[in-house]
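Have a look at the structure below, then the notes.
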Amino acid sequence: MRESTTKKYELVFIPGPGISHLVPTVEFAKTLLDSDHRFSVTVLTMNVPFGPIQPSYTDSFPQIRFIELIRPDSPPPEMKHSLSGLCELIDHYKPHSRQAITQLIATELDPNSVSLAALVLDMFTTTMVDIADELGVPSYAYYTSGAATLDLFLYIPVLDSTIETDLKDDLTRELEIPSFKNSVPSIAVPSALWTKSCDDYIWYVYCGRRMGEVKGVIINSFYDLETYAIDSLGTVSGYPKIYSVGPVLDLAGRANSDKSQTQQNENIMKWLDKQPARSVVFLCFGSRGTFDVDQVKEIANGLERSGHRFLWSVRPKDGSTRLDELVPEGFVERTAERGMVCGWVPQVGVLGHGSVGCFVSHCGWNSILESFWFGVPILTWPLYAEQHLNAFLLVKELGLSVELKGYYRVSEDDLVTAEEVERGVRKVMEGECEEVRKRVEEMKEKSRRALKEGGSSAGSVKRLIEDLIEGM
Ligand code: UDP
């Protein structure tokens, strides 16, 4: 171990594109910098059309060096929600990442005092392990989701070699994934894993295998939340070392500090101020959750029939449609006294407002952690990617959420009816799920304790720092 008080250590983070990867990565980088002043951080960013990065966001971290990678020459493939599109796009960024890091070393890092300690990749950028190998530095990954889904990710190559048929041929087939106490029905795993010949499947296996090559994986989770999964990951020989450092959250709302949003954000918070405690159902489906008109109508009718107050963040599939044209005629007027329909919301501020009593969520991992941080029970409505598995984890494994649309799905276009929306909302808001509410309240305390001095996540950060320095 070569350690001296004057020695500095540089970490280069390469998160995948999109705000929901960048924000938790940057927040974690900041945690690390605050914990140990020997570190400095550079974040390589990929500014893509589907999740543009606001300069106001990166400007709010003067202690971090951001380098925007040059867009690849070849046109990026169509993104949609496809993993293969995303991974192909990231692969195009690989030469630019290599160039940016080489230049950083040559021009910014004084070889007498600063060492490049590691590259910190994420689940989609593990193809850059090659760059770390070329440079002779260790690679770590910052996995922006939890332990259980990480385990699926690491386990995919095993599933691939042991299951010969397509999962889609029998979606009731139960899978034994080590980090899950219960058998997991195939229908709950990302649909990209259902068909072996599809491009997304091939990329999943590739990324899972490469994730297994890094030295350590830092996860945005905490021991009291995913005890079983974290313990299980720690026992598999040959797996990377796991550091659970969460919940890492953007509590200052820096990602929502865009000026164009300020007025709308104020209106939302003022509206919430007028509502009684725990009376509002909050609906929000992440950075990319959109619905077509038929589904919007069902939600509107369900909310209206439930009679409960609501704050509904809704975004049309076709981005050009106006909000008032989406909802049924007269809906806004009829529910004006008790509801607010809006676009992008300052979600952390909303969940932290005492008037919110339930969160109808797509089960993105950041949304889950934010909800528990404020002790708000989730009504699960997963849409795509690993969200169904997250819903399975929350409802079946942890008993911390209530099912609206379950982890099952008949098809991607499956409509959730107004009756289902009404039933789900009533269940949580009318006292049927008090056990879940109580457990979520406890998780709120546990999530805060994890970050405090002596807490499990604070301990993991310390261990990570030691390992990063020892690895030099
Ligand atoms: N978010 C927000 N306002 C919105 C939608 C999303 O502030 O209207 C934030 C939310 O607080 C969370 C992130 O965007 O931090 C979404 O991340 P998540 O992992 O939940 O879902 P994803 O966008 O990756 O599907």
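How large is the helix-only mean residue ellipticity at 222 nm for the chain, computed as the sum of -39500 (n - 2.57) over DSSP H runs with n ≥ 4, divided by its residue count, in deg cm²/dmol to the nearest 500? Rounded to the nearest 500, it is -12500 deg cm²/dmol. Computed from Cα atoms, the angle from the helix 293-306 axis to the main principal axis of the chain rounds to 60 degrees.
In degrees from 0 to 90, rounded to the nearest 10, what is the angle of the helix 19-35 Cα long axis to the longest principal axis of the chain? Orientation of helix 19-35: about 50 degrees from the principal axis.
Computed extension length for SER60-ARG209: 50.1 nm, one decimal, from 0.36 nm per residue of separation with the Cα-Cα distance subtracted.
Label separation (THR227 vs GLU470): 2.7 nm, computed from points 7 Å beyond Cα along the C-beta direction. Of the three principal axes defined by the Cα atoms of the stretch 341-472, the extents in descending order read 57, 33, 31 Å. Extension gain, GLU432 to GLU329, is 33.9 nm, computed as 0.36 nm per intervening residue step minus the present C-alpha separation. Neighbour counts of other Cβ atoms within 10 Å put HIS37, HIS92 in the fewest-to-most order HIS37, HIS92. Once the C-beta distance of VAL416 and VAL236 is scaled by a Förster radius of 30 Å, the resulting FRET efficiency is 0.20 to the nearest 0.05. Considering only Cα atoms, the convex hull volume of the stretch 189-348 works out to 192 Å³ per residue. Gain on full extension, evaluated as 0.36 nm per residue between LYS168 and LYS444 minus their Cα-Cα distance, stands at 95.6 nm. Using the Cβ-Cβ distance between GLU68 and ASP199 with R0 set to 35 Å, the FRET efficiency from 1/(1 + (r/R0)^6) comes to roughly 0.80. Per residue, the Cα convex hull of the chain amounts to 144 Å³. DSSP beta bridges fully contained in the chain are about 5 percent antiparallel. Each Lys and Arg contributes +1 and each Asp and Glu -1, all at the Cβ; summed about the Cα centre of the chain, the dipole is approximately 1160 debye.
No lab work stands behind these numbers, since they all come straight from the coordinates. Here the structure is a predicted model, which means the values were calculated and not measured. A quick note on method: Cβ atoms are made from the backbone with ideal geometry, for glycine too, and the neighbour counts reach across all protein chains shown.
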